[in-house]
1. How much FRET efficiency would the formula 1/(1 + (r/R0)^6) give for Ser91 and Thr37, where r is the Cβ-Cβ distance and R0 is 41 Å, rounded to 0.05?
2. If you only keep lysine pairs separated by 8 or more in sequence, or across chains, how many in the chain come under 29 Å at the Cα atoms?
3. Using bins 10 angstrom wide from zero, how does P(r) for segment 2-97 break down, in % of all Cα pairs?
4. Please compute the contact order of segment 2-97 in relative form: average sequence separation of alpha-carbon pairs under 8 Å and at least six residues apart, divided by the residue count, as a percent.
5. Suppose every K and R has +1 on its Cβ and every D and E has -1 on its Cβ; what is the size of the dipole of the chain about the Cα centre, in Debye to the nearest 20?
6. Measuring from label point to label point, each 7 Å out along Cα→Cβ, what is the Val15 to Ser82 span in nm?
7. To the nearest 500 deg cm²/dmol, what mean residue ellipticity at 222 nm is calculated for the chain from DSSP H runs of n ≥ 4 alone, each contributing -39,500 (n - 2.57), summed and divided by the residues?
8. For segment 68-85, in order, what is each residue's ³J(HN,Hα) by Karplus, 6.51 cos²θ - 1.76 cosθ + 1.60 with θ = phi - 60°, in whole Hz (x at glycine and Pro)?
Amino acid sequence: MSAAVLQVLDSVYTVHAAAAEYSANEKFKIKIDEESTHQEYLEKEMQKVNILMEVYTLLFLKAIPAYGRQYVNYRSWPEAQSLIQKIRRLSEDEKGER
């Protein structure tokens, strides 16, 4: 169950990050706000995404039945994100060995 939640969190994060990047690109394509730079805007949007991801993580953890929570190895978004990155590296290493 923990791995399934990590996969969902990874997918949600990927979608939100892509949306933030697209939004930043579109906003600065039409030059609505020249006071802030593309990078500053993207950083602010990613902070919002990280807050949403923390909420999603807590909600998903709460959705796991109490007896199953003892097997979950993360309690926050940064911990979940770290595990997701480790899983990706392992998967990439495995593909490289084939």
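1. Efficiency for this residue pair is about 0.75.
2. Eligible lysine pairs with Cα atoms under 29 Å apart amount to 12.
3. Going from the shortest bin to the longest, the percentages are 15, 36, 27, 17, 5, 0.
4. Details: 43 pairs, mean separation 33.3, N = 96.
This gives 35 percent for segment 2-97.
5. I would put it at about 440 debye.
6. 2.7 nm
7. Mean residue ellipticity, 222 nm, calculated: -27500 deg cm²/dmol.
8. These are the phi-based 3J(HN,Hα) values: x, 5, 5, 8, 7, 9, 9, 10, 8, 4, x, 5, 5, 5, 4, 5, 4, 5 Hz.
FYI, it's all coordinate maths here, none of it is from the lab. Since this is a predicted model, take the numbers as computed values, not measurements. Here the Cβ is made from the backbone with ideal geometry for all residues, glycine too, and neighbour counts use every protein chain on show.
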